Amino acid sequence: MKGGPMPRRKKSDKKKSPIAVSVIAVAIVVLFLLRLYQVYEPLIRQNFFQHGINGPLFSGWGLTPLGSDLLSSTTYLALSLAGIFVLIGFLRLRRWSWVLLMAWTGVSLVIALVDYFYSHANYAVMASNVTIAFALNIPDVQRIFGIRRDSNGAAL
């Protein structure tokens, strides 16, 4: 081996993301997959892919079971697509994505708690939302997204 100085690594001006950002990204992907399941499950239950729309969607002023399942699937599809949009912004470290994800997580947790007390709980969604909520509130994550401005980490 020849002697001589070892080449120095170039310093990057880019901030290194804390592990919590990766944890949040994984939780968003988990929620995306759960929402995709929620898109297809009611449609499969109604045999939608075999028979198509084979009945009325409305009965008087209310929805039929088929109409309710189609509305549910459409809503979950919109949530899945919005989740991908937020994930892209989050991975690009955009401030708006942190704010939107925090608001979304709060609303989702309220809905999950109402479901828990009044119908059926979805524990995977609840666990993903709690993980996201805790990780979003880590000071390093807040600094990266420009939510927290103190540079030394001391509480005010």
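Bear in mind that the values in this text are calculations on the coordinates, not laboratory data. The structure presented is a predicted model; accordingly, all values stated were derived computationally and were not measured. Positions of Cβ are backbone-derived with ideal geometry, glycine not excepted, and every protein chain shown enters the neighbour counts.
So here's what we get for this one:
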item	result
Global form of the stretch 69-154, assessed from the alpha-carbon gyration tensor, a/c cut-off 1.5	oblate
Label selected from [x] 38; [y] 78; [z] 45, the criterion being percent of Cα pairs over 26 Å apart as computed here	[z]
Burial ordering of Phe134, Phe32, fewest other beta-carbon atoms within 10 Å first	Phe134, Phe32
Fewest-first sequence of Trp96, Trp104 by Cβ atoms within 10 Å of each Cβ	Trp96, Trp104
Residue among Asp69, Asp140, Asp115 with the largest mean-square fluctuation in a Gaussian network model of the chain, springs linking Cα atoms under 10 Å	Asp115
Of Ser108, Ser22, Ser119, the one that fluctuates the most in a GNM where the chain has Cα springs shorter than 10 Å	Ser119
Residue among Thr64, Thr105, Thr74 with the largest mean-square fluctuation in a Gaussian network model of the chain, springs linking Cα atoms under 10 Å	Thr64
Sequence-separation-based contact order of the chain, relative, with Cα cut under 8 Å and 6+ spacing, percent	29 percent
Local electrostatic count at Pro65 - Lys and Arg +1, Asp and Glu -1, tallied over other residues with Cβ under 14 Å	-1
